[in-house]
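The values are calculated or read from the model by the stated rules, or taken from the named source; none is laboratory data. Here the structure is a predicted model, which is why all the values come from computation and not from measurement. Positions of Cβ are generated from backbone atoms using ideal geometry, with glycine treated the same way; all protein chains shown enter the neighbour counts.
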Amino acid sequence: MNIKKLFGKRNEIIGGHFNELRSKIGMANQNEELIFSLREEICNACPLKNGNNCNAMKWLNPETLEVSDAPKEGFIRGCGCRLSAKQRSTLSLCPAGFWGGEFNQK
């Protein structure tokens, strides 16, 4: 992973944890919280969800929702992230393309 990508991931993680904390102490941006809530619903319905994590030991076909224990063409590997923070990162994207980009400036 190159250094620019590594720092980008760091910013995603920090931002997600910061927004998670703001939510817990009642200082959340309510417009953002609506989007974060929708993301949570999407993740809750995903077969890769394992507790509060996206299972990095499984692969998913985003078209069919078929799950595999090994890589296959057209399948996306779970990211392994802690979902309660990732869902609250304005910079993050679901690796399967189910959510993300809602905060991109147009």
key: Candidates Ala56, Ala70, filtered to the one that is more than 9 Å from the chain's Cα centre (by Cα), surrounded by 12 or more Cβ atoms within 10 Å (Cβ to Cβ) and part of a loop (DSSP other than H, G, I, E, B)   = Ala56
message = Could you list, ordered by first residue, the pairs with Cβ atoms under 6 Å in which the first is in the range 26-43 and surrounded by 11 or more Cβ atoms within 10 Å (Cβ to Cβ) and the second is among the acidic types (Asp, Glu), at least 6 apart or interchain?
response = Ile35/Glu102
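Yes or no, residue by residue, for (1) on the phi > 0 side of the Ramachandran plot; (2) in contact with a Lys or Arg (Cβ under 7 Å, 6 or more places away or on another chain):
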| residue | (1), (2) |
| --- | --- |
| Ile13 | no, no |
| Glu32 | no, no |
| Glu63 | no, no |
| Asp69 | no, yes |
| Gly74 | yes, no |
| Gly80 | yes, no |
| Arg88 | no, no |
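Consider Leu21 carefully, then state whether it is in a loop (DSSP other than H, G, I, E, B) and aliphatic (A, V, I, L, M).
Details: in a loop (DSSP other than H, G, I, E, B): no; aliphatic (A, V, I, L, M): yes.
Considered against the rule, which asks whether it is in a loop (DSSP other than H, G, I, E, B) and aliphatic (A, V, I, L, M), Leu21 comes out as no.
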inquiry  = Looking only at the range 23-53, filter to residues that are at pLDDT 90 or above and among the basic types (Lys, Arg); which one of those is nearest to Gln87 (Cα to Cα)?
reply    = Arg39
ask   = If we scan the range 85-101, do we find a residue that is part of a helix (DSSP H, G or I) and either touching a residue at least 24 places away in the same chain (Cβ under 8 Å) or more than 10 Å from the chain's Cα centre (by Cα) (or both)?
value = yes
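Does Asn19 fit the bill of being free of Cβ contacts under 8 Å to residues at least 60 places away in the same chain and surrounded by 15 or more Cβ atoms within 10 Å (Cβ to Cβ)? Break it down stepwise before answering.
On the way: free of Cβ contacts under 8 Å to residues at least 60 places away in the same chain: no; surrounded by 15 or more Cβ atoms within 10 Å (Cβ to Cβ): yes.
It is false that Asn19 is free of Cβ contacts under 8 Å to residues at least 60 places away in the same chain and surrounded by 15 or more Cβ atoms within 10 Å (Cβ to Cβ).
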request  = For the range 51-76, enumerate the residues that are under 23 Å from Gly15 (Cβ atoms) and free of Cβ contacts under 8 Å to residues at least 24 places away in the same chain.
outcome  = Gly51, Ile76
